[in-house]
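Data first, discussion second: the structure below is written as structure tokens.
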Amino acid sequence: MAKKITPAQSNAKRFINAFNQIDYALRTQHNFKRSMGFSDMVRRAVSINHLVRKYEDDLIDYGRLRNAIIHNSNDEEIIAEPHPDVVEKIESLAHLITTPPKALDVLVEKEVFTVNYDVSIKEVIKKITATKFSNIPVYKNGELVGVANGQKILNVLGDCLIKNEDLDDYIASHPIEDIAKTPTEINYYMVLPSDVTIDQVLAEFLKNRKLLVIILTKTGTMHEPPLGIITSSDYMELNKILENY
């Protein structure tokens with residue numbers, strides 16, 4: 001006969017509590033219907049949730065284990081006890097999925113440099129060299145119009161050399177807006193709100209392989225000053241932080 005949950009069976013209770021937290025969080029975050037099975041929900045979330053993509057196999061296994069632990073849908077009748085290591089792992093994952101760390105909270109404090117749209121390419125090159133930051137947001141009348149990216153600047157200068165144009169004259173006479181604001185620029189940068197989580201940031205880099213820069217502002221609009229900046233080179237570090245969170 002199946003047993004009722006008691007304090008002595010805390011491993012099972014802890015597992016079920018953690019599982020329910022994950023189930024509720026994913027349904028709430030992604031608007032999944034209550035009628036959808038847990039495994040189906042996980043598989044659908046893989047394409048939109050970095051954490052689910054990373055722990056997909058574990059989550060599927062936890063769904064099966066949940067069905068092996070309890071006898072009915074009310075989470076009351078215990079028919080198996082999970083190993084303590086398994087309980088600790090699902091609790092850790094539940095914490096990660098329900099309260100993922102915000103990107104702005106873990107970014108190394110560094111000044112966010114910006115330039116005005118009419119500053120010459122020459123002056124921006126000097127600023128990139130002086131600050132060691134190869135991605136500098138470009139603003140026009142308080143609105144973000146692009147990102148001065150070191151590699152993109154180098155590509156433009158290379159084209160000038162191929163065309164035998166006067167490089168000194170070009171960088172001194174052309175504003176950075178000519179490089180930063182291009183029809184395809186939106187592929188290389190995006191703006192997100194300051195409360196964006198690390199897993200959401202990582203998901204954006206995975207969705208768009210051309211993405212170089214994510215600029216964080218208070219509400220995620222281009223009319224606000226930058227509070228933080230994340231580049232593709234931060235990907236590995238953010239992933240490491242997420243793993244150790």
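None of the figures in this text is laboratory data; all of them are computed from the coordinates on show. Nothing here was measured: the structure is a model prediction, and the numbers come from that model. Glycine also receives a Cβ, built like all others from the backbone with ideal geometry; neighbour counts cover every protein chain displayed.
Here the Karplus relation 6.51 cos²θ - 1.76 cosθ + 1.60, evaluated at θ = phi - 60°, turns the backbone of region 173-178 into coupling constants of 9, 9, x, 5, 4, 4 Hz, with x for every Gly and Pro. Inter-label distance, Asp169 to Asp40: 6.8 nm, where each label sits 7 Å from its Cα along the C-beta direction. Database remark: amide H of Glu77 closer than 5 angstrom to the amide H of His71, Asn72 (H placed geometrically; neighbours at sequence offset of 5 or more, or on other chains; Pro and chain starts carry no H).
Using a Gaussian network model of the chain in which every pair of alpha carbons under 10 angstrom is joined by a spring, one finds that among Ile79, Ile153, Ile121 the greatest mean-square fluctuation is at Ile79.
Pairs exceeding 32 Å between alpha-carbon atoms, taken from Lys33/Lys207; Lys140/Lys240; Lys102/Lys140; Lys33/Lys140: Lys140/Lys240; Lys33/Lys140. Shown in residue order for region 123-136 are the 3J(HN,Hα) couplings computed by the Karplus curve 6.51 cos²θ - 1.76 cosθ + 1.60 at θ = phi - 60°: 5, 5, 4, 4, 5, 4, 5, 6, 8, 6, 9, 8, 9, 10 Hz (x for Gly and Pro). Bridging of Lys13 to aspartates and glutamates at a Cα separation below 16 Å is possible for Asp23, Asp75, Glu76, Glu77, Glu81, Asp85, Glu88, Glu91, once same-chain residues fewer than 8 apart are set aside. With both labels modelled 7 Å from their Cα along Cα-to-Cβ, the Leu161 to Lys207 distance reads 3.7 nm.
Annotation: the antiparallel percentage among DSSP beta bridges lying fully within the chain is about 70. Coupling constants for region 20-33 follow from the phi torsions by the Karplus curve (6.51 cos²θ - 1.76 cosθ + 1.60, θ = phi - 60°), and in residue order they are 5, 5, 5, 4, 5, 4, 5, 5, 6, 5, 10, 6, 7, 6 Hz; glycine and proline get x. Considering only Cα atoms, the convex hull volume of the chain works out to 139 Å³ per residue. Here the chain is scanned for GluC sites (Glu not before Pro) in DSSP loops (not H, G, I, E, B) that have at most 13 other Cβ atoms within 10 Å, and the longest stretch holding none of them is 166-245.
Take every pair of alpha-carbon atoms less than 8 Å apart whose residues are at least six positions apart; their mean separation over the length of the chain yields a relative contact order of 18 percent. Between helix 84-98 and the chain, what is the angle of the helix's C-alpha long axis to the longest principal axis, kept within 0 to 90° and rounded to the nearest 10? Once rounded, the angle reads 40 degrees.
Over region 105-243, the Kirkwood radius and the radius of gyration, each from Cα atoms, give a ratio Rg/Rh of 0.99. Across region 3-99, the relative contact order, built from alpha-carbon pairs under 8 Å that are at least six residues apart, equals 43 percent.
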